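Following: one structure in structure tokens, then a few remarks.
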Amino acid sequence: MIVDLHIHSKEGSDGRWTLDEIFAEAVHRRIDIMAITDHDSVRAQAGAIAHAKAAGIRYITGAELNVTFSHPGYRNGKSVALDFLAYGFDIEDARLVGKLGELAAFRERRAAQILDNLNRELRPQGVAELTAEDMAAIQATADGSIGRPHIADYLIAKGIVTSKQEAFDRYLVKCDVPKMPLRLDEAADLVHAAGGQLVLAHPNDPNGTSLVALTSSLAEQQAIIRESMLDAIDGVECWHSRHDQATRESYVSFAQEHGLSLTGGSDCHQDPVLMGTVPVPEYVADQLA
């Protein structure tokens with residue numbers, strides 16, 4: 001049985017494919033259980049439920065929430081961003097939907113501010129400034145919530161940079177604007193009130209939003225979870241496309257020791273197409289029932 005509980009869509013956030021394309025590929029790859037987990041969005045959930053039913057795929061509602069987190073023992077208490085996966089919640093819960101709407105609206109304002117900052121960088125270089133028409137074009141490519149990756153793609157399309165890495169290195173790091181903060185206790189309250197579970201996403205992802213921002217030590221990461229997260233979370237994402245075997249084994253042991261759910265998925269944004277390639281055990285989905 002093939003399980004993938006971490007997939008992003010174009011309709012909801014920064015996936016490259018529509019739900020039609022995702023579920024057609026899921027059928028082709030014989031995925032049995034899946035979840036669409038768009039960033040700070042449940043926009044695609046109703047459609048995903050309908051697609052899954054038509055395809056005969058067991059579906060679990062999902063979202064990936066970006067949380068502002070700090071620990072006094074690291075970075076002098078300076079906050080970092082961490083991702084948490086919400087599963088099995090009511091997609092029509094008014095409080096959850098309302099908060100995600102606030103986050104989406106803030107993302108729009110944040111994107112406009114980032115473009116203003118970009119223009120301050122581009123102006124001295126003699127590069128044409130980005131306009132309201134450019135913002136509209138970026139929004140059209142995003143479909144869901146706008147983030148820096150969408151802006152990076154647009155800078156590539158405009159010929160200003162040649163790669164996402166260059167976009168971030170030259171512009172998007174220095175031109176960044178803080179996201180709307182969402183505290184862990186607030187995220188947990190919203191998800192639990194909506195009948196769902198909250199799971200720490202990819203805790204040891206070296207290239208993503210993870211505890212690596214605080215420490216690369218698995219022992220220290222897990223001490224942070226014990227000290228600051230156990231009252232809020234229900235599980236840990238142990239299987240992930242950028243978790244090595246040592247990480248998987250360590251987090252499986254940690255989760256079992258503390259009575260946490262174990263989850264996993266590819267974190268597929270369709271670039272490349274990783275759906276169904278992470279060997280997530282079948283029992284993982286049953287913990288989220």
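Since every read-out is calculated from the coordinates, none of them should be taken as a lab result. Everything numeric in this text was worked out from a predicted model, so none of it was measured. Neighbour counts run over all protein chains shown; Cβ positions are idealised from the backbone, glycine included.
With θ taken as phi - 60° and the coefficients 6.51, -1.76 and 1.60, list the Karplus ³J(HN,Hα) couplings across the range 107-120 in order, rounded to whole Hz; mark glycine and proline as x.
4, 4, 5, 4, 4, 5, 5, 4, 5, 4, 5, 4, 4, 5
Any lysines with Cα under 27 Å of the residue 179 Cα? List them, leaving off those in the same chain fewer than 8 positions away.
10, 78, 99, 158, 164
Given the DSSP H assignment, sum -39500 (n - 2.57) over each helix run of at least 4 residues in the chain and divide by its residue total; what's the result at 222 nm in deg cm²/dmol, nearest 500?
Roughly -12000 deg cm²/dmol at 222 nm, from the helical runs in the chain.
Taking amide H positions as placed 1.01 Å from N in the peptide plane, with prolines and chain starts having none, which residues 5 or more places from residue 63, or on another chain, fall under 5 Å of its amide H?
Those qualifying (amide H under 5 Å, at least 5 residues apart or on another chain) are 86.
Could you tell me which of rounded, prolate or oblate describes the range 182-289, using a ≥ b ≥ c as the square roots of the eigenvalues of the alpha-carbon gyration tensor, with rounded for a/c under 1.5 and, failing that, prolate when a/b is larger than b/c and oblate otherwise? Can you show the working numbers first?
Details: a/c = 1.39, a/b = 1.15, b/c = 1.21.
The shape class here is rounded.
Using a Förster distance of 22 angstrom, determine the FRET efficiency expected from the C-beta separation of residue 58 and residue 256, and round it to 0.05.
0.40
Over the residues of the range 56-106, compute the C-alpha Rg and express it relative to 2.2 N^0.38 Å.
Details: Rg = 14.8 Å, N = 51, 2.2 N^0.38 = 9.8 Å.
Cα Rg divided by the expected 2.2 N^0.38 Å: 1.51.
For the residue pair residue 282 and residue 157, what label-to-label distance in nm results when each label sits 7 Å from Cα along the Cα-to-beta-carbon direction?
Simple spin-label model gives 4.3 nm for this pair.
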